[in-house]
Amino acid sequence: MKETLLHPFSLGLGLGLLFTTFVLIFAIHIWLNYRAKIKQLQGENQRLREHINTHLEITAKGNEELKKELDELKKQNENLRISVTTWQQKPDKTQLKMLYIYDKAISIMNTKFPGFALSWESAFKEAQEEIKQLDSGIKAWMRKVFKPSAELPLSLSHSQDAIDETQNEYETNENFSSQSTND
């Protein structure tokens, strides 16, 4: 038996089996380590997927809230734009009062002075042309830059004074003419 064990074939077979056993144990060890590493990476992959899903849900909720807020702000903006447009189109009380005064003065002038209508029409057309020129071109730009609208209420008050003076003169003329016809 000793001879068989010391035989070169037996020694080669024993060394080969011993080497194969070490290689097999090393391979099993490496395989188990890789398997553990794969499980670890799969767990980490699953954790990262859950994290990404949570992040996407939070981002989606934030985007929805931002969209809702944006829609609400757009509605408010549209409502405010409509309100501003409406307020810009409404004349204020002083403008309406002046319009009424001018209308009353024109009707008084038409009834008391028969030639007034023709001169009024020509003056009205001239004023319209002047306003058209003021609303377009360099004059409009100059008016916007230098803001002469501050002069407008002053001129309207002067116009009111002129209307009052005209009415007073007319009433004195009427009183004078009625006194001369009575004499």
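What to note about this one:
- Per residue, the range 42-93 exposes an accessible area of 99 Å² to a 1.4 Å probe, with every protein chain left in place.
- Evaluated at q = 0.14, 0.18 Å⁻¹, a Debye calculation over the C-alpha positions of the range 1-114 (equal weights, vacuum) places log10 I(q)/I(0) at -0.91, -1.03.
- Computed about its Cα centre, the charge dipole of the range 58-120 is approximately 340 debye, with only Lys, Arg, Asp and Glu carrying charge at their Cβ.
- Cβ-based net charge around Leu70, under 14 Å, with every Lys or Arg adding one and every Asp or Glu removing one: -2
- Dipole of the range 1-86, positive end: most advanced residue of Ser83, Leu70, Ala36 [Cβ charges, Cα centre]: Ala36
- Chain lengthening between Thr59 and Thr85 when straightened (0.36 nm per residue, less Cα-Cα): 5.6 nm
- Model label sites at Lys75 and Glu50, defined 7 Å from Cα along the beta-carbon direction, differ in position by 3.9 nm.
- Within-12-Å neighbourhood charge of Ile58 [Cβ basis; K, R +1; D, E -1]: -2
- Within the accessible area of the range 1-126 (1.4 Å probe), percent carbon and sulfur: 66
- Here the range 1-117 is assigned +1 on the Cβ of each Lys and Arg and -1 on the Cβ of each Asp and Glu. Its dipole about the Cα centre then comes out at about 500 debye.
- Ser107-Gln133 FRET efficiency (beta carbon distance; Förster radius 25 Å; 0.05 resolution): 0.30
The values are calculated or read from the model by the stated rules, or taken from the named source; none is laboratory data. These figures come from a predicted structure and were not determined experimentally. Glycine gets a Cβ as well: all are built from the backbone with ideal geometry, and neighbour counts include every protein chain shown. Areas reflect the complete protein model, heavy atoms only, side chains present, ligands, DNA and RNA absent. Shrake-Rupley method; radii C 1.70, N 1.55, O 1.52, S 1.80 Å.
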